[in-house]
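Here, each number is a calculation from the coordinates, and none is a lab measurement. These figures come from a predicted structure and were not determined experimentally. Note: ideal-geometry Cβ built from the backbone for every residue, glycine included; neighbour counts use all protein chains shown.
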Amino acid sequence: MPKITLSRRRSGRPFRGAAVALSIGGMLGLAGCASPPPAPAFDLVIANGRVMDPESRLDAIRNVGVRDGKIAAISDTALEGTKVVDAAGHVVAPGFIDLHEHGQQEESYTMMVRDGVTSAFEIEVGTGDVAAWYEARAAGQIVNYGVAVGHIPARMKVLDDPGRGLLPAGVGGSGGATEAQMAEMEAILKQGLAKGAVAVGFGSAYTPGAPMAEFERMFRVAAAGNASAHIHMRGDITGLNETIAAAKAAGAALHIVHVNSVAGDELEQFLGAIQAARDAGQDVTTEAYPYGAGMTEIQSALFDDWKTWPDERFTLHQLVRTGERLTRASFAKARAEGGTIIIHGRSEAQTRAAIVSPLSMIASDGFIENGKGHPRTSGTFAKVLGTYVRDEQALGLMEALTRMTLMPAQRLERRVPMMSGKGRLKVGADADFTIFDPETVIDRATYEDATIPSAGIPYVIVGGELVVDGGRITNARPGRGIRAAVR
């Protein structure tokens with residue numbers, strides 16, 4: 001007699017129902033009342049993982065059920081799913097949120113997602129055409145994505161800056177603006193906010209001709225749009241204090257990007273000034289990346305004084321396209337030709353101090369283009385988890401995850417309600433997960449080869465779909481635009 005075995009997937013293990021033996025006659029007799037086995041309760045189950053939620057502080061072995069791109073259940077008992085990922089021995093965390101990612105294209109996405117990033121934002125520089133930026137990515141990406149409207153591109157357009165590249169400087173970078181031109185900039189920023197920009201981006205370091213009064217005026221546009229102002233600021237502690245004062249006068253929420261990069265030897269004073277502003281009730285936040293070198297365009301205004309440098313300073317600069325350390329002569333040649341350079345010089349003590357500060361979110365400031373870039377694109381989050389959490393024990397795991405998930409989500413959610421579903425691992429939240437092995441997670445990218453993916457992150461899930469499966473990129477492209485309301 002034939003036997004029918006009912007089998008369902010249950011938290012990664014086959015569940016054997018009772019074997020039912022039926023005669024041919026019996027089968028015919030029951031044909032009219034037989035029904036198929038019930039469908040699994042969930043589209044995806046993440047089983048047996050150490051579930052860590054920075055909001056509730058849950059840290060326990062749980063099974064997570066996903067349905068229709070949302071977290072539908074978190075249980076200490078087995079769950080049934082159409083697909084099951086066995087996360088035993090791994091941490092299951094909300095997907096990492098990178099507030100500072102310039103590489104908004106497939107090449108960079110494939111690197112950052114293997115570093116655990118599920119949502120990436122271009123906020124510092126932003127764009128001058130928010131609607132077109134989102135439309136260009138609307139077919140779906142590996143990760144979720146979002147953009148700010150940027151003061152830099154607005155200023156370039158208004159002042160007819162001919163510059164090209166990531167952070168160019170030219171007429172718009174160094175020239176002053178008239179009253180009429182500032183009004184034009186305001187209009188561009190307002191239009192970008194109306195089209196759903198998540199924030200307003202600024203780079204006073206790249207626009208040396210813009211006085212603080214101009215930034216305060218543009219901060220007021222951000223405040224009126226309930227948007228945070230993210231700024232790569234210029235100068236020293238005096239410049240920071242002036243920036244904080246301008247944001248306060250404008251009523252704008254302020255975010256200082258990569259504090260480790262802009263503060264240099266004054267890191268302690270920078271962090272102290274940010275904390276003092278917060279203690280006084282002002283909304284000021286910051287971020288850091290775990291590398292001692294920065295990277296930017298060699299033609300940017302940051303290097304306008306290069307001819308005055310002593311010879312030894314040039315050796316701190318590494319040309320990305322060749323990997324060579326520069327001399328006065330090769331710097332001059334590269335400055336004329338354009339391209340990106342890595343700037344070495346910060347100490348490990350400075351990097352560690354920025355990362356362990358409770359003020360600092362984790363953000364990469366990365367991009368990869370034609371196989372070249374900075375290792376922070378590929379390794380920022382894994383390096384924090386592997387080096388500063390596991391190896392040095394300078395930072396607790398839950399605290400590190402809070403800086404990578406909940407805090408970035410909270411920075412944007414006042415303007416972008418979609419972010420209230422990110423950065424948390426709870427029922428009803430978006431099903432974005434990073435699953436990593438806390439014993440092996442580590443960055444592997446180098447300054448010479450930034451395209452080596454991080455280790456120890458075998459699974460990444462975006463919108464309930466596996467985008468990294470067993471360490472390999474899948475064909476799924478569930479990433480969608482994260483955007484404020486469009487008016």
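Using the Stokes-Einstein relation with a Kirkwood hydrodynamic radius computed over Cα pairs, the translational diffusion coefficient of the chain at 37 °C and a viscosity of 0.692 mPa s comes to 139 µm²/s. Taking the Cα atoms of segment 351-417, the ratio Rg/Rh between the radius of gyration and the Kirkwood radius comes to 1.02. The simple Förster model, with R0 at 22 Å and r as the Cβ-Cβ distance, assigns Thr446 and Glu392 a FRET efficiency of 0.65. Both numbers refer to the Cα atoms of segment 172-266; Rg and Dmax are 12.9, 39 Å.
Note that segment 41-54 has calculated 3J(HN,Hα) couplings of 5, 10, 5, 8, 10, 9, 9, 6, x, 7, 7, 10, 10, x Hz, one per residue in order, obtained from phi through the Karplus relation 6.51 cos²θ - 1.76 cosθ + 1.60 (θ = phi - 60°); glycine and proline are x. The separation of segment 444-478 from segment 126-158, counted between C-alpha centres, amounts to 24 Å. One quarter of the surface of the convex hull around the alpha-carbon atoms of segment 300-381 equals 6.5 nm², the direction-averaged projected area.
Evaluating 6.51 cos²θ - 1.76 cosθ + 1.60 at θ = phi - 60° for every residue in segment 436-446, the Karplus couplings come out as 9, 8, x, 8, 10, 4, 6, 7, 10, 5, 10 Hz, glycine and proline recorded as x. Approximating the spin labels as points 7 Å out from Cα along Cα→Cβ, the Lys426-to-Glu348 distance works out to 3.9 nm. When the chain is described by a simple charge dipole with +1 on each Lys and Arg Cβ and -1 on each Asp and Glu Cβ, the residue from Asn144, Gly339, Leu316 located farthest towards its positive end is Asn144. With each label modelled as a point 7 angstrom along the Cα→C-beta vector, the Arg325-Lys190 pair spans 5.2 nm. Only Cα pairs under 8 Å and 6+ residues apart enter the sum, and on that basis the relative contact order of the chain stands at 19 percent. Rounded to the nearest 20, the size of the Cβ-charge dipole of the chain about its Cα centre is 1640 debye, with Lys and Arg at +1 and Asp and Glu at -1.
Straight-line cross-link reach from Lys83 at under 26 Å between alpha-carbon atoms covers these lysines, not counting any fewer than eight positions away in the same chain: Lys3, Lys70, Lys422, Lys426. Estimated translational diffusion coefficient (Stokes-Einstein, Kirkwood radius over Cα pairs, 37 °C, 0.692 mPa s) of segment 293-345: 306 µm² per second. Give the long-range amide H neighbours of Thr474: residues separated by 5 or more places, or on another chain, with amide H under 5 Å away, using H modelled in the peptide plane at 1.01 Å from N. Close amide H contacts, sequence-distant or interchain: Val468, Asp469.
Taking every alpha-carbon pair in segment 50-142 and binning the separations at 5 Å intervals from zero gives 3, 10, 17, 19, 16, 13, 11, 7, 3, 1, 0 percent. Summed over qualifying helices (DSSP H, 4 residues or more, each -39500 (n - 2.57)) and divided by its residue number, the chain shows a 222 nm mean residue ellipticity of -8000 deg cm²/dmol. For Lys195, which aspartates and glutamates qualify as cross-link partners when the Cα separation must be under 15 Å and same-chain residues fewer than eight apart are set aside? By straight Cα distance, Lys195 reaches Asp129, Glu135, Glu186.
Computed from the Cβ-Cβ distance with R0 of 22 Å, the FRET efficiency linking Ala132 to Asp160 stands at 0.65.
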